[in-house]
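Read the structure below first, then the notes.
The values are calculated or read from the model by the stated rules, or taken from the named source; none is laboratory data. Since the structure is predicted, the reported quantities are computational estimates derived from the model, not experimental observations. Virtual Cβ from ideal backbone geometry, glycine too; neighbours counted across all protein chains shown.
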């Protein structure tokens, strides 16, 4: 794993001295292929490939490793990956005492993740272990602290979702779109359940919100919108129709009732063959929290 430490140092040096990549690309390490986002500097070692982005005094590094066979015990596999990858980094000295968390569904893979700060609090790491059939693929995400790390969660999810083990092959992450790219039915949803208690701790009530919504987009950019479900325990539905406008990094749904404008983030192919559209709200980037504000729409695979 000494090569991985050298890889991190090389990535940082490259990021400071070389122009950044102008387009997304696909790279391969062993049997694993994955997408490198536009603008990220990439370099490879024998058993890993790393990409890094830098903005002012902030940096983010994502490294994908060659797979190991899965044992059938997810927690044991995760601890083995932690020893292999994280304990090779300076300042990390032990395996987590707690069980790792389950992977997010937006990534498309089953698997585990966990994160920790270095002993001297100079770096923060999050390890993902993707389960791809009989192979376990470690992917590490590194930055100076948790707040900085979470600020690039949307890109980490995009890289994680792009990982493929041969014979499958990764596809690039698209950071520009046309109206033709959006043709089809896109769906999303939200489920929240809140329990309310009195000051004495006695249960009083529950508020359930469970909604489905989506856009059916034609090749000419016209669309219909449908929203239905429960909001605070009350049935609700809504619909609209209009046209799409693209420009300046924004995707705007200009309807008869509403105009909804989003920041376009990226478009990528999911593991199950569906397409995932990632959007931010219409706010200044400095006001966006990717962990909280990222919105995903999914278009089912063609039959």
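For this structure, a couple of remarks:
- Leading residue by the ranking (nearest to residue 222 (Cα to Cα)) among those in the stretch 258-273 that are modelled with pLDDT under 95 and surrounded by fewer than 14 Cβ atoms within 10 Å (Cβ to Cβ): 258
- Restricting attention to the stretch 157-167 and to residues that are in a loop (DSSP other than H, G, I, E, B) and in contact (Cβ under 8 Å) with a residue 40 or more places away in the chain, the residue that is nearest to the chain's Cα centre (by Cα) turns out to be 163.
- Among residues of the stretch 250-298, those that are out of contact with any strand residue (DSSP E or B) (no Cβ under 6 Å at 6 or more places or on another chain) and in a helix (DSSP H, G or I), counted: 6
- The listed residue being at pLDDT below 95 and out of contact with any strand residue (DSSP E or B) (no Cβ under 6 Å at 6 or more places or on another chain), out of 229, 189, 201: 201
- Residue in the stretch 187-203 that is closer than 19 Å to residue 268 by Cβ and not assigned by TED's automatic domain parsing to the domain that holds residue 92 present: yes
- Subset of the stretch 76-115 (residues that are within 22 Å of residue 132 (Cβ to Cβ) and part of a loop (DSSP other than H, G, I, E, B)): 99, 100, 103, 104, 108, 109, 110
- Checking residue 246 against (1) within 30 Å of residue 52 (Cα to Cα); (2) not in a strand (DSSP E or B), the condition it does not meet: (2)
- Residues in the stretch 54-91 that are in contact with a helix residue (DSSP H, G or I) (Cβ under 9 Å, 6 or more places away or on another chain), at pLDDT 90 or above and crowded, with 17+ Cβ neighbours inside 10 Å: 60, 61, 62, 63, 64, 65, 70, 85.
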